[in-house]
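To start, the structure under review is shown below, and the notes come after it.
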Amino acid sequence: MGSANVRSQGVFMLVVAVAITVWGSIGLYQGLNSGFSGGLYDPDYRVVGLRRGGLADRSGFKSGDRVISVEGRPVEELGMESRWPRSLAPGIGETRRFVVERKGERISVDVVFPPPSAAAVENRLRAGLVGLVFLLFGLWAILTVRTSPAQTLGQIGLTAGVAAALGIGPNLGIWNGVTGHIATAADVFLFILLLRFFVIFPVPKPVSKSRIAAWLVYGAWGCLLVFLLLELIVHPALYYTTGSVVSPLMLTYVLLIFLVVIHTVVKTPRKQLRESGMYWVLGGLAVSIAIFAATFALSLRLPLWASVATTAVIPLTMALAVRKQATLGLA
């Protein structure tokens, strides 16, 4: 890759990195100043599992209520709450009038929206910070190393940043569905890039030259893009089927990554694993997986800083490895 191309690529990535960081930051700030419902109803606008003392209970909802309209607008044209027009998106302390059907009667319920909960704020911060650390370490790698693994790691960072920024970005009203679908596509593509990284690092594996494998991996993602586009066109208000398609696909990519990593450990000479920095990457993966598995098994919740740090170990060790490989001239 020529030096001019490297500089151009670096400038482009820096511009994109700044843009998505600003976009995500605006979204985080806006989210802190937006009213929080905490789930008043299910996707069919029915009130179920009413929690005593919760917002729905305080507002006057009853279990079994079905929301008919919000501020006079039928829910059929509103769709999901996160896709409401911006004019309906509540600020902290603002009131929205709901009309519900209760035992054959229509009853008005006024909801005063409180500030976002601490858990909601922490989840948004976690998503933003995880995307940021992948972005920073990816940029560090690609701006300092001119190898294919470094380039892939840079692409991983940008994709993670885009997915996080779009997921927590500013409220676009009815257009939130579009940005949400793009974020979903980016999340899945992130796993494809992670798969590619482990296919070519520390040395390219035979499957990296297989067109059939490439068609299968990228083709599945292409089918997802078509599905997401069709869902936007055919059913623009409601987005309830995406998870049933995305989750199995992401699980498939995770399993492929696991198999490729196992292949690398078994087939690569120990000296090459050590000199290339692959042991660092394996250690980072092992630490992150072990900590998250332990917290899940023990039903614990990591503090925000610990959760982000545990995830950051993965891109950090990947960046250190590609730099070590390049420094030793092994790439």
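The values are calculated or read from the model by the stated rules, or taken from the named source; none is laboratory data. Please read all numbers here as calculations on a predicted model, not as lab measurements. Every residue, glycine as well, gets a Cβ built from its backbone with ideal geometry; the counts of neighbours run over all protein chains shown. Just the protein is used for accessible areas: all its heavy atoms, side chains included, with ligands, DNA and RNA removed. Shrake-Rupley method; radii C 1.70, N 1.55, O 1.52, S 1.80 Å.
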Q | Condition broken by Arg51, with the remaining ones in (1) touching a helix residue (DSSP H, G or I) at 6+ places or on another chain (Cβ under 9 Å); (2) without any contact (Cβ under 8 Å) to a residue 12 or more places away in the chain; (3) closer than 30 Å to Thr310 by Cα satisfied | A | (3)
Q.
Considering only residues that are assigned to a helix (DSSP H, G or I) and farther than 19 Å from Gly154 by Cβ, which ones fall in region 186-220?
A. Pro206, Val207, Lys209, Arg211, Ile212, Ala213, Ala214, Trp215, Leu216, Val217, Gly219, Ala220
Q: Pairs only if they're at least six apart or on different chains, beta carbon under 6 angstrom, first in region 133-156 and among the acidic types (Asp, Glu), second modelled with pLDDT of 90 or more and assigned to a helix (DSSP H, G or I); list them, first residue then second.
A: none
Q) Out of (1) within 26 Å of the chain's Cα centre (by Cα); (2) loosely packed, with under 14 Cβ neighbours inside 10 Å, what's the single condition that is false for Ser87? A) (1)
Q) Looking at region 187-196, is at least one residue open to solvent by less than 50 Å² (accessible area, probe 1.4 Å) and farther than 28 Å from Ala326 by Cα? A) yes
Q: Filter region 68-92 down to residues that are free of Cβ contacts under 8 Å to residues at least 40 places away in the same chain and at positive phi, then give me how many there are.
A: 2
Q. So which of Leu232, Leu158 ends up being in contact with a Leu (Cβ under 8 Å, 6 or more places away or on another chain), open to solvent by less than 60 Å² (accessible area, probe 1.4 Å) and at negative phi?
A. Leu158
Q) Condition test on Ser25, is it among the hydroxyl-bearing types (Ser, Thr, Tyr), over 16 Å from Ile168 (Cβ atoms) and either open to solvent by less than 80 Å² (accessible area, probe 1.4 Å) or part of a loop (DSSP other than H, G, I, E, B) (or both)? A) no
Q: Test Ile314 against the criterion of being open to solvent by 60 Å² or more (accessible area, probe 1.4 Å), part of a helix (DSSP H, G or I) and at negative phi, and give yes or no.
A: no
Q | Subset of region 31-47 [at pLDDT 85 or above, open to solvent by 40 Å² or more (accessible area, probe 1.4 Å) and either over 14 Å from Ser117 (Cα atoms) or in a loop (DSSP other than H, G, I, E, B) (or both)] | A | Asn33, Phe36, Arg46
Q: Among the numbered conditions (1) closer than 24 Å to Ala119 by Cα; (2) open to solvent by 50 Å² or more (accessible area, probe 1.4 Å); (3) not hydrophobic (A, V, I, L, M, F, W, C), tell me where Lys271 comes up short.
A: (1)
Q) Listed residues Pro115, Pro74; which is more than 28 Å from the chain's Cα centre (by Cα), open to solvent by 30 Å² or more (accessible area, probe 1.4 Å) and modelled with pLDDT of 90 or more? A) Pro74
(Q) So Pro170 ticks every box in (1) open to solvent by less than 60 Å² (accessible area, probe 1.4 Å); (2) outside any helix (DSSP H, G or I); (3) without any contact (Cβ under 8 Å) to a residue 40 or more places away in the chain but one. Which box is left unticked? (A) (3)
**Q.** Residue identified as open to solvent by less than 40 Å² (accessible area, probe 1.4 Å), more than 12 Å from the chain's Cα centre (by Cα) and farther than 20 Å from Val16 by Cβ among Ala120, Ala150, Ala141
**A.** Ala120
Q. Hey, any hits in region 302-310 for a residue that's among the β-branched types (Val, Ile, Thr), touching a residue at least 40 places away in the same chain (Cβ under 8 Å) and touching a Lys or Arg at 6+ places or on another chain (Cβ under 7 Å)?
A. yes
